[in-house]
Structure formats: structure tokens, C-alpha cells
1. Would you confirm, using the coordinates I've provided, whether residue 95 is over 22 Å from residue 47 (Cα atoms) and in contact with a helix residue (DSSP H, G or I) (Cβ under 6 Å, 6 or more places away or on another chain)?
2. Give the residues of the range 94-140 that are polar (S, T, N, Q) and either at positive phi or part of a strand (DSSP E or B) (or both), sorted by residue number.
3. Out of everything in the range 54-86 that is charged (D, E, K, R) and more than 16 Å from the chain's Cα centre (by Cα), what residue ends up being surrounded by the most Cβ atoms within 10 Å (Cβ to Cβ)?
4. Identify all residues within the range 49-93 that are over 18 Å from residue 126 (Cα atoms), touching a residue at least 60 places away in the same chain (Cβ under 8 Å) and outside any strand (DSSP E or B); write none if there are none.
5. Can you tell me which residue among 139, 101, 86 is more than 25 Å from residue 56 (Cβ to Cβ) and not charged (D, E, K, R)?
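What follows is calculated from the coordinates using simple rules that are stated; it is not laboratory data. Values in this document were obtained by computation on a predicted structure and should not be read as measured data. Every residue, glycine as well, gets a Cβ built from its backbone with ideal geometry; the counts of neighbours run over all protein chains shown.
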Amino acid sequence: MKRIFFCVFLAAIGMMMAKPPGAESDPVVTLDADHYLHLHFEDFALQRMYMLNRNYAGTKDNPRMEQTENGLVGRYSKAHKNTLKVNVRQTQSELSPFIGVMKYVEVRYESNGECRESVANGTFDMVRARSVTEIFRFVQDEWQ
């Protein structure tokens, strides 16, 4: 029993004294805003926001309609480009040496009415806003 305790004790001391590779440096380095990968990721993020807005179930011109006990409700969602913030960081991983962080606000709008025309011509009010964060890896010259 003493021998097992002694072995575990020595192993613990060895682990505490050993430094992992790169321990002296920051494991994640943020790239400058004018770095080409930062600009590349910014373009990627804008294209992604365009795709998100195109793929939502409803739009302002063609909202998704739902019948409720109080009448008809038209809904659509939108990812706002003016809330987009991007950040690119260098990692110590050989498989994905860079990560891109994309943050934006997604808003849901609703309008109520008796029929489709009154809903479409009514005012769409913001009913929900949520902050979204997406993380992408840069692998083989492509954001994934």
C-alpha cells in the first residue's frame, strides 16, 4: 500500500513540474483586423449572413402565417448585418491553425391581423432578439 501511494505521489509531483508545450505563450492569439485571414473571414461571415437570411422560413414580404385563437399571426426572422462582429484567432492546433468567431443578433418580427392582407400590411414588431455566436475552423484554405 505504501509503495502504491509513493508511486502516485511521485507521478503527481512529476505532472505538476512538467510544462506543457507552449505554456509560456498565450495558446490563442487574436489576429489584427487588417490581416488577410481576418478580411477573408469577414467576407465569409457576410456571405453566411446572406445565406441565413435567404433560408429563413419567412421574410418581410412573405411572412410565415399561423392561425391562432386571436387571429392570424405573420412571422419572419432576420439576422442583422449591422450587428455582425468577427474575430480570427490563431491556435496551436496543426489540424485547424485558425478559428473564426462570428457574432450577430437574430431578431424575430410578428404582425397580427384578421387575414393575410391585414397581416402583410400591418406593422411588424420585434418580439424576440437573441445573440448568436458561431465558431468556424480554417482547414485547407477554407472556413468550415
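1. Considered against the rule, which asks whether it is over 22 Å from residue 47 (Cα atoms) and in contact with a helix residue (DSSP H, G or I) (Cβ under 6 Å, 6 or more places away or on another chain), residue 95 comes out as no.
2. Result: 111, 112, 131, 133, 140.
3. 75
4. 91, 92
5. 139
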